[in-house]
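Working notes for the structure below.
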Amino acid sequence: MLRLGRREFDAHEPVIMAIVNRTPDSFYDQGATFRDEPALARVEQAVSEGAAIIDIGGVKAGPGEEVTAEEEARRTVGFVAEVRRRHPDVVISVDTWRHDVGEAVCEAGADVLNDAWGGVDPKLAEVAARYGAGLVCTHAGGVEPRTRPHRIAYEDVMEDILRVTVGLAERAVALGVRRDGIMIDPGHDFGKNTRHSLEATRRLGEMAATGWPVLVSLSNKDFVGETLDRPVKERVLGTLATTAVSAWLGARVYRVHEVAETRQVLDMVSSIAGHREPAVARRGLA
């Protein structure tokens with residue numbers, strides 16, 4: 001069982017986490033949801049299309065202008081409070097690696113801290129424990145936040161992913177984070193080249209076999225773009241193909257930009273696997 005906020009998700013229920021960037025320089029939308037009005041409209045749309053989790057980020061992952069903790073909090077805390085007011089039952093996640101920002105957003109109503117940088121601030125897990133929040137434990141290859149990997153190498157990338165993510169998850173439990181609120185993330189693109197991310201996808205079943213719920217953040221990423229030689233706006237099909245493979249191999253949570261398309265892919269995979277009935281079954285019955 002995965003328990004986040006007021007929601008409980010069973011073992012065969014795929015969970016969509018919709019991305020809402022509160023940044024002026026997002027790689028994907030170039031600031032389309034930086035202002036409150038379009039960001040709140042994005043939340044409404046995502047929820048209506050089937051997202052159970054809204055993931056709010058105040059700093060883009062890639063290099064760029066410095067964003068202080070104060071500015072990150074300014075971009076996220078009030079917005080978290082407003083989303084909580086409008087959607088009392090939606091699960092609110094905040095993408096941050098900083099414990100002080102984590103504390104502020106939990107005070108405002110966040111349910112999950114999505115640490116995409118692999119525990120670089122060890123106090124973040126302590127914040128999750130103190131507030132009863134969920135926690136995403138990600139493999140980032142030991143790189144500093146907002147930096148790109150350079151000639152990074154692994155003897156066995158999945159062995160490293162398992163060692164780091166399971167280690168972070170077990171540390172979180174020891175600190176008091178709820179076991180049923182912890183997810184592990186292979187960290188596609190983070191501290192990895194394209195071949196690493198492809199191998200991580202191919203071997204995702206090894207992560208699922210640990211028993212920890214697996215979150216994948218695949219949406220329009222560089223490994224998809226390089227694999228297919230496509231720019232950011234032409235990576236949806238590659239993302240959805242990777243989503244289907246990840247679902248078949250046991251991923252549970254999917255951090256995405258395209259909610260409706262992802263919902264269809266996950267429903268189809270779930271029905272093929274025998275976990276979901278077809279929405280309509282008329283063919284051959286009349």
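A few remarks follow.
- Scope the range 42-99; condition among the polar types (S, T, N, Q) and in contact with a helix residue (DSSP H, G or I) (Cβ under 7 Å, 6 or more places away or on another chain); matching residues: THR76, THR96
- Looking across LEU285, LEU228, one residue alone is touching a helix residue (DSSP H, G or I) at 6+ places or on another chain (Cβ under 8 Å), surrounded by fewer than 16 Cβ atoms within 10 Å (Cβ to Cβ), of a type in the set (A, V, I, L, M) and farther than 27 Å from GLU8 by Cα. It is LEU228.
- Listed by first and then second residue, the pairs with beta-carbon distance under 6 Å, at least 6 apart or on different chains, first residue in the range 170-184 and touching a residue at least 40 places away in the same chain (Cβ under 8 Å), second of a type in the set (A, V, I, L, M, F, W, C) and in a loop (DSSP other than H, G, I, E, B), are ASP180/MET1; ILE184/TRP212.
- With respect to the stated conditions, ILE161 is within 16 Å of PRO186 (Cα to Cα), in contact with a His (Cβ under 8 Å, 6 or more places away or on another chain) and either part of a helix (DSSP H, G or I) or of a type in the set (Asp, Glu) (or both).
- Top-ranked residue in the range 129-146 [being over 16 Å from the mean Cα position of the chain (by Cα) and not in a loop (DSSP other than H, G, I, E, B); ranked as surrounded by the fewest Cβ atoms within 10 Å (Cβ to Cβ)]: ARG130
- Filter result for VAL173 (assigned to a helix (DSSP H, G or I), of a type in the set (A, V, I, L, M, F, W, C) and touching a Lys or Arg at 6+ places or on another chain (Cβ under 6 Å)): yes
- Applying the criterion of being assigned to a loop (DSSP other than H, G, I, E, B) and among the acidic types (Asp, Glu) to the residues of the range 111-128, the residue that is farthest from HIS188 (Cα to Cα) is ASP111.
Just so you know, all these numbers are worked out from the coordinates, no wet-lab data involved. Being a predicted model, the structure only gives us computed values, none of them experimental. We place every Cβ from the backbone using ideal geometry, glycine too, and count neighbours over all the protein chains shown.
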